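Working notes for the structure below.
The values are calculated or read from the model by the stated rules, or taken from the named source; none is laboratory data. These numbers come from a predicted model, not from an experiment. All Cβ positions, even for glycine, are placed from backbone atoms using ideal geometry, and neighbour counts span all protein chains on display. We work out accessible area using only protein heavy atoms, side chains counted, and drop any ligands, DNA or RNA first. Shrake-Rupley method; radii C 1.70, N 1.55, O 1.52, S 1.80 Å.
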Amino acid sequence: MSDMTMNRRDVVITGIGIASSLGEGIEAHAAALAAGGTPVVDTESFEPYPVHPLLALELDRQIPKKSDQRQMEPWQRLGVYAAGLALDSAGLKDDAEAKSALQVIVAAGGGERDHAVDSAILSGLRGANEPGAYLNEHLMGDLRPTLFLAQLSNLLAGNIAIVHGVTGPSRTFMGEEQAGVDAIRTAHARIASGQSDLMLVGGAYNAERRDMLLLFELGGYLRRDSFAPVFEREDAPGLITGSAGAFLVLESAERAAARGAKAYAKLSHAGAARSRRAPGTVESALTKLVGAFGAIGPDSLAISAATGCAGITAEEAAALKAAAPSAKRIAAGDLVGHGVEAAFPVSVALAAIALSAGQAKEAIVTGAGHWRGEGAAHLVQA
């Protein structure tokens, strides 16, 4: 899956939409990056598992119709909201012609379940005289039309199209952290190769879900009890998930210049790899990916989408130290938590924000998923 060929066309980021526990928009996240930020962590609602909860959003600003809001689960509302912020940032929200050509790539998980319906059906099933008939009746009658046990992942792209009037083609990638990496990589490659001029790419994750916390805990991936920085979790390694959404408008430099659009950063390279589940393979894969970017300058920034899980996180830290020893290192998880599918798009958005705010001249973004999928991107000031 490596994609490190030289660009045939420059790719710039002309729109950034981001929302997290820190708030929404470029300014809030630029301030957190500059100050180091005090993370917003909830250690009580899902005790013993800390999470970074989403700061409440004024949904009407990006999703005007209440009916649209009601038919989406939280992760979809978050994704549609962040996509709207990105379109606003790029100056495309009211450009029907541009939105007809805009291609969308979404990194999505398996969708959310309706826990209230699940609980009611399971409770009623215990006393049902005919369990099969009871189950069929309530699955047909209690689930909303947008649910088939869980919300379909490609509905996020569909809702972006409906709410924001984006009529170009869309793709949905699934596969936890790797989905976010491949979404960015594919969007970049399509523009660089001339297959597209304009892309909207990103993802969203709702961390405040007991079903997902259960799944991660069954695999032994969650950190318990207290917050600690991503690279300082040796006492109790694991994820601290965070509700976050980020979408980017990627555009060919020629198209952006022709319409006079502001470029927040240039996305020079994006690559991905998979490593075997053996010690040292993550470090080797990331070192190779970042090495393809060339020398990383002294005024650089390294933003990591590291998970905090045992072994993998230490290898990512070692790869960053070797590839960019003088770079200022920031873990996105320290600011907003780990967003699984959205983790890499969020980290790339943070890098672009830092560059546009003059906090660095270039940035690298790395991320190794808890299933050992690796990705890296290189951004420079536009």
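Could you list, in sequence order, the residues of segment 149-174 that are open to solvent by less than 40 Å² (accessible area, probe 1.4 Å) and either among the hydrophobic types (A, V, I, L, M, F, W, C) or farther than 27 Å from residue 60 by Cα (or both)?
First pass over segment 149-174, keeping only residues open to solvent by less than 40 Å² (accessible area, probe 1.4 Å): 150-151, 153, 156-161, 163-166, 168.
Correct list: 150, 156, 157, 160, 161, 163, 166.
Condition first: open to solvent by 10 Å² or more (accessible area, probe 1.4 Å) and either touching a residue at least 60 places away in the same chain (Cβ under 8 Å) or among the charged types (D, E, K, R) (or both). Now tell me which residues in segment 234-244 satisfy that. Spell out the reasoning first.
Step one: filter segment 234-244 for residues open to solvent by 10 Å² or more (accessible area, probe 1.4 Å), giving 234-237.
Matches in segment 234-244: 234, 235, 237.
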Of all residues in segment 253-283 being of a type in the set (Ser, Thr, Tyr) and farther than 26 Å from residue 241 by Cα, the one that is least open to solvent (accessible area, probe 1.4 Å) | 268
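Residues being aliphatic (A, V, I, L, M) and under 15 Å from residue 300 (Cα atoms): count how many of those fall in segment 323-360.
We begin by selecting, within segment 323-360, every residue aliphatic (A, V, I, L, M); these are 323-324, 327, 330-332, 335-336, 340, 342-343, 346, 348-355, 357, 360.
Checking the rest, the ones that are also under 15 Å from residue 300 (Cα atoms) come to 323-324, 327, 330-331, 348, 350-355, 357, 360.
So the count comes out to 14.
So, in segment 260-275, exactly how many residues are among the hydroxyl-bearing types (Ser, Thr, Tyr) and closer than 14 Å to residue 363 by Cα? Quick ask: steps written out before the conclusion?
First, the residues of segment 260-275 that are among the hydroxyl-bearing types (Ser, Thr, Tyr): 264, 268, 275.
Checking the rest, the ones that are also closer than 14 Å to residue 363 by Cα come to 264, 268.
Counting residues in segment 260-275 that are among the hydroxyl-bearing types (Ser, Thr, Tyr) and closer than 14 Å to residue 363 by Cα gives 2.
Among 111, 91, 84, 132, which is the only one that is among the small types (Gly, Ala, Ser) and touching a Leu at 6+ places or on another chain (Cβ under 8 Å)?
111
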Matching residues in segment 260-283 - criterion: being over 24 Å from residue 371 (Cβ atoms), out of contact with any Ser or Thr (no Cβ under 9 Å at 6 or more places or on another chain) and of a type in the set (Lys, Arg) = 266
Matching residues in segment 302-316 - criterion: being of a type outside the set (S, T, N, Q) and more than 16 Å from residue 335 (Cα to Cα) = 309, 310, 311, 312, 314, 315, 316
Counting only helices (runs of 4 or more DSSP H) entirely within segment 1-110, those with at least 3 residues that are buried (at least 20 other Cβ atoms within 10 Å of the Cβ) are 26-35, 74-90
Within segment 285-301, can you find the residues that are surrounded by fewer than 24 Cβ atoms within 10 Å (Cβ to Cβ) and small (Gly, Ala, Ser)?
-> 291, 292, 294, 295, 297, 300
Kindly list the number of the only condition in (1) more than 20 Å from the chain's Cα centre (by Cα); (2) surrounded by fewer than 24 Cβ atoms within 10 Å (Cβ to Cβ); (3) more than 23 Å from residue 236 (Cα to Cα) that fails for residue 315.
-> (3)
Just one of 227, 247 is open to solvent by less than 40 Å² (accessible area, probe 1.4 Å), of a type in the set (A, V, I, L, M, F, W, C) and either under 16 Å from the mean Cα position of the chain (by Cα) or within 13 Å of residue 52 (Cα to Cα) (or both); which is it?
-> 247
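Taking the condition surrounded by 18 or more Cβ atoms within 10 Å (Cβ to Cβ) and in contact with a strand residue (DSSP E or B) (Cβ under 7 Å, 6 or more places away or on another chain), does residue 382 pass?
Numbers: surrounded by 18 or more Cβ atoms within 10 Å (Cβ to Cβ): yes; in contact with a strand residue (DSSP E or B) (Cβ under 7 Å, 6 or more places away or on another chain): yes.
Spelling it out, residue 382 is indeed surrounded by 18 or more Cβ atoms within 10 Å (Cβ to Cβ) and in contact with a strand residue (DSSP E or B) (Cβ under 7 Å, 6 or more places away or on another chain).
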Select from segment 336-359 the residues that are open to solvent by less than 10 Å² (accessible area, probe 1.4 Å) and either farther than 22 Å from residue 219 by Cα or free of Cβ contacts under 8 Å to residues at least 60 places away in the same chain (or both) and list them in ascending order.
-> 336, 345, 346, 347, 348, 349, 350, 351, 352, 353, 354, 355
